[in-house]
Amino acid sequence: MNLGSKSSDVARIAPLKRATGKPKGRVADPAALAEVRELLGAEPRKRDLLIEHLHKIQDHYGCISAPHLVALAAEMKLPMAEAFEVASFYHHFDLVEAGEAAPARLTVRVCDSLSCALAGADTLLAELQSSLGKDVRVITAPCVGRCEQAPVAVVGQNAIPHANAALVQQKVRENASIARPPKYLSLAEYRAEGGYGCLLDCVNGKRSVESVIKELEDSGLRGLGGAGFPAGRKWRIVKAEPGPRLMAVNIDEGEPGTFKDRYYLERDPHRFLEGMLIAAWAVGINEIYVYLRDEYAEIRRILTDELAALQSNAPCALQPIHLRRGAGAYICGEESAMIESIEGKRGEPRLRPPYVAQVGLFGRPTLEHNMETLYWVRDILESGAGWFAGHGRQGRKGLRSFSVSGRVAKPGVHLAPAGITVRELIDEYCGGMLAGHGFYAYLPGGASGGILPASLGDVPLDFDTLNEYGCFIGSAAVIILSDHDKAAVAARNIMKFFADESCGQCTPCRVGTAKALKLMEQPRWDQPLLEELSGAMADASICGLGQAAPNPIRCVIKYFPHEVE
């Protein structure tokens with residue numbers, strides 16, 4: 001290159017048009033651009049709103065056509081490749097290239113995760129695929145967070161509990177595709193019962209930051225999204241970081257078997273919001289981002305309405321609160337992948353360090369919490385640390401919200417003492433096993449928490465108590481298997497889920513889960529090869545998905561060898 005001749009350099013790089021005179025790359029179609037602009041209205045065109053704007057197109061047109069994607073990229077001043085890689089990453093965006101047929105305007109999703117599979121999801125899927133017309137798309141879906149209502153189908157965004165073919169067909173005929181929220185405690189009702197009084201005590205100086213954090217530490221409250229990190233300690237760590245500090249609330253409970261967050265938000269959303277605002281006050285948070293899984297359309301309606309009511313009738317000055325919508329990616333339950341998604345990117349986990357508490361959302365120190373952790377803050381402060389810590393069995397402290405599904409008489413969210421055993425949980429809270437079913441095995445922590453036999457049904461259920469058995473409690477999603485089931489079949493169902501949900505960023509997880517699934521589909525498992533593969537996934541995967549994916553394999557080989565030999 002002739003560095004002294006600027007004119008020759010410009011001549012070399014300036015032509016941006018083909019010989020035909022048309023600009024290189026895809027050019028926004030004027031009609032599509034006008035449609036996108038109308039959909040976006042006065043909304044900001046900020047980079048972190050890309051996923052929100054993709055949802056607007058998907059919701060309105062039932063898909064995202066190539067002209068609309070090009071127009072959105074142009075309107076947001078983004079490279080087309082960047083818009084495409086985000087849109088193609090998430091399950092709930094239907095990309096349609098030029099010449100391709102758009103999907104049917106109405107989609108019916110049948111959950112095929114473990115609890116629904118136990119309840120006959122495969123039969124339901126086959127019946128719907130054969131009975132619904134070509135104007136309806138019938139596909140499978142990973143866990144939709146309603147395991148206690150299995151089997152579940154979703155018509156549009158409307159979840160149908162205890163679904164059967166006749167009920168789903170009726171909802172399709174009625175075009176009942178819009179989710180309607182259940183009856184819940186509104187802002188006025190919550191405040192009438194003393195709600196936001198604890199927040200006001202904090203803001204008005206009746207409680208000090210130190211006393212609030214100390215109360216949480218003394219209560220033993222730990223992160224209830226699965227990691228179990230002490231909440232009070234997390235507040236201290238983030239508070240010690242330089243401002244501005246941000247907060248990210250994780251309501252992307254995609255772990256098969258987990259539905260506790262949905263259960264609480266359907267009933268008492270302001271208890272969570274008050275806890276969130278107390279945490280923001282204590283830590284000195286400037287802005288709050290709430291990340292909600294897309295499958296919870298009715299919860300999105302609740303939070304949208306109640307946040308608007310709260311902001312118009314606030315008990316005190318509020319930080320800006322942003323409600324962000326996921327798009328069907330289990331991996332976004334991992335905190336750093338969630339943060340990437342909030343920023344409008346592919347939900348791929350970050351390498352750590354640095355940790356989210358130091359370099360999190362938009363590069364700022366970030367307090368990340370699961371919804372349920374914040375839900376208990378008000379009760380702990382009002383009733384005292386001793387009240388919460390006083391619950392527990394076998395030396396454990398606190399309460400746990402167990403999402404119980406599978407072969408029990410009364411599945412659902414059961415609030416029970418930490419340290420309870422699964423036998424006690426079944427007998428005291430779940431009404432025993434289903435008639436005609438004997439207790440055979442259980443998953444103590446959802447899909448990734450491993451599988452244990454009934455002979456280990458007296459192990460306390462809590463953080464750290466299951467480690468020696470190759471399992472963990474995680475978010476306390478307990479799935480019960482009976483003598484009608486096989487642990488190896490359950491493990492295959494789980495591995496299929498992991499293979500579908502791997503973000504693909506790292507080879508051990510992307511290739512390992514797919515290879516493991518093929519090996520597990522054989523009548524006899526190649527146990528040495530599966531163990532070698534498990535070691536590679538556990539040791540070399542970037543995040544918890546790949547690291548925990550081998551747990552069901554190892555548990556079946558260890559505790560149920562007769563099923564795979």
Could you figure out which of (1) of a type in the set (Val, Ile, Thr); (2) within 26 Å of the chain's Cα centre (by Cα); (3) over 26 Å from Ser341 (Cα atoms); (4) open to solvent by less than 30 Å² (accessible area, probe 1.4 Å) isn't true of Val489?
(4)
For segment 362-380, name all the residues that are open to solvent by less than 10 Å² (accessible area, probe 1.4 Å) and either outside any helix (DSSP H, G or I) or hydrophobic (A, V, I, L, M, F, W, C) (or both).
Pro365, Thr366, Leu367, His369, Met371, Leu374, Val377, Ile380
Those residues of segment 88-98 which are open to solvent by less than 50 Å² (accessible area, probe 1.4 Å) and of a type outside the set (D, E, K, R), in sequence order:
Phe89, Tyr90, His92, Phe93, Val96
Could you check segment 43-74 and list, in sequence order, the residues that are among the polar types (S, T, N, Q) and more than 19 Å from Ile342 (Cβ to Cβ)?
Ser65
Taking the condition buried (at least 21 other Cβ atoms within 10 Å of the Cβ), in a helix (DSSP H, G or I) and of a type outside the set (A, V, I, L, M), does Ser115 pass?
yes
Any idea how many residues of segment 401-411 are open to solvent by 10 Å² or more (accessible area, probe 1.4 Å) and either of a type in the set (A, V, I, L, M) or assigned to a strand (DSSP E or B) (or both)?
2
Complete set of residues in segment 533-548 that are assigned to a helix (DSSP H, G or I) and more than 19 Å from the chain's Cα centre (by Cα)
Leu533, Ser534, Gly535, Ala536, Met537, Ala538, Asp539, Ala540
Quick check on segment 519-533. Is at least one of its residues modelled with pLDDT of 95 or more and touching a Ser or Thr at 6+ places or on another chain (Cβ under 7 Å)?
no
For residues that are touching a strand residue (DSSP E or B) at 6+ places or on another chain (Cβ under 6 Å) and farther than 30 Å from Thr465 by Cβ, scanning just segment 199-245, find the one that is most open to solvent (accessible area, probe 1.4 Å).
Pro244
Scope segment 35-87; condition within 25 Å of Ala179 (Cα to Cα), open to solvent by 30 Å² or more (accessible area, probe 1.4 Å) and not in a helix (DSSP H, G or I); matching residues
Gly41, Glu43
Selection from segment 551-565 of residues in contact with a Pro (Cβ under 9 Å, 6 or more places away or on another chain) and of a type in the set (Val, Ile, Thr) yields Val564
Quick one: Ile420 ticks every box in (1) assigned to a strand (DSSP E or B); (2) in contact with a Lys or Arg (Cβ under 6 Å, 6 or more places away or on another chain) except a single one, so which number is it?
(1)
Could you list, in sequence order, all residues of segment 381-391 that are assigned to a loop (DSSP other than H, G, I, E, B) and in contact (Cβ under 8 Å) with a residue 60 or more places away in the chain?
Gly384
Take Ser219 and decide whether it is at pLDDT 95 or above, polar (S, T, N, Q) and in contact with a Lys or Arg (Cβ under 9 Å, 6 or more places away or on another chain).
yes
Please identify the pairs in which a residue from segment 164-185 that is surrounded by 15 or more Cβ atoms within 10 Å (Cβ to Cβ) has its Cβ atom under 6 Å from the Cβ atom of a residue that is part of a helix (DSSP H, G or I) and among the acidic types (Asp, Glu), counting only partners at least 6 apart or on another chain.
Ala165/Glu127; Ala179/Glu298; Pro181/Glu298
The conditions are (1) within 18 Å of Val489 (Cβ to Cβ); (2) open to solvent by less than 10 Å² (accessible area, probe 1.4 Å); (3) part of a loop (DSSP other than H, G, I, E, B), and His437 fails exactly one of them. Which is it?
(2)
Tally up the residues in segment 63-102 that are modelled with pLDDT under 95 and either under 19 Å from Val136 (Cβ atoms) or not aliphatic (A, V, I, L, M) (or both), please.
5
Residue among Phe472, Phe463 that is assigned to a loop (DSSP other than H, G, I, E, B), touching a helix residue (DSSP H, G or I) at 6+ places or on another chain (Cβ under 8 Å) and buried (at least 18 other Cβ atoms within 10 Å of the Cβ)
Phe472
For segment 408-422, pairs from a residue that is within 15 Å of Val459 (Cα to Cα) to a residue that is assigned to a loop (DSSP other than H, G, I, E, B) and among the small types (Gly, Ala, Ser), with Cβ under 7 Å and 6 or more apart or across chains, are Pro417/Gly392; Ala418/Gly392; Ala418/Gly398; Gly419/Gly392; Gly419/Gly395; Thr421/Gly457; Val422/Gly457
How about segment 492-532: which of its residues are in a loop (DSSP other than H, G, I, E, B), open to solvent by 30 Å² or more (accessible area, probe 1.4 Å) and either touching a residue at least 24 places away in the same chain (Cβ under 8 Å) or on the phi > 0 side of the Ramachandran plot (or both)?
Gln505, Glu521, Arg524
Among residues of segment 170-213, those that are within 21 Å of Gly384 (Cα to Cα) and among the hydroxyl-bearing types (Ser, Thr, Tyr), counted:
4
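Residues checked against (1) β-branched (Val, Ile, Thr); (2) modelled with pLDDT under 95; (3) farther than 18 Å from Lys234 by Cα:
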| position | (1), (2), (3) |
| --- | --- |
| Gly360 | no, no, no |
| Glu372 | no, no, no |
| Val377 | yes, no, no |
| Ala385 | no, no, no |
| Arg393 | no, no, yes |
Output the residues belonging to segment 293-312 that are open to solvent by 30 Å² or more (accessible area, probe 1.4 Å) and touching a Pro at 6+ places or on another chain (Cβ under 6 Å).
Arg301
May I ask you to verify whether Leu54 is touching a strand residue (DSSP E or B) at 6+ places or on another chain (Cβ under 7 Å) and without any contact (Cβ under 8 Å) to a residue 60 or more places away in the chain?
no
Identify all residues within segment 533-556 that are aliphatic (A, V, I, L, M) and crowded, with 22+ Cβ neighbours inside 10 Å; write none if there are none.
Met537, Leu545, Ala548, Ala549, Ile553, Val556
I'd like to verify a number: residues in segment 246-275 that are farther than 17 Å from Val359 by Cβ, open to solvent by less than 20 Å² (accessible area, probe 1.4 Å) and touching a Ser or Thr at 6+ places or on another chain (Cβ under 7 Å), how many?
6
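The values are calculated or read from the model by the stated rules, or taken from the named source; none is laboratory data. Remember, predicted model here, so these are calculated numbers, not experimental data. Cβ atoms come from the backbone with ideal geometry, glycine included; neighbour counts cover every protein chain shown. All accessible areas refer to the heavy atoms of the entire protein, side chains included, with ligands and DNA or RNA removed. Shrake-Rupley method; radii C 1.70, N 1.55, O 1.52, S 1.80 Å.
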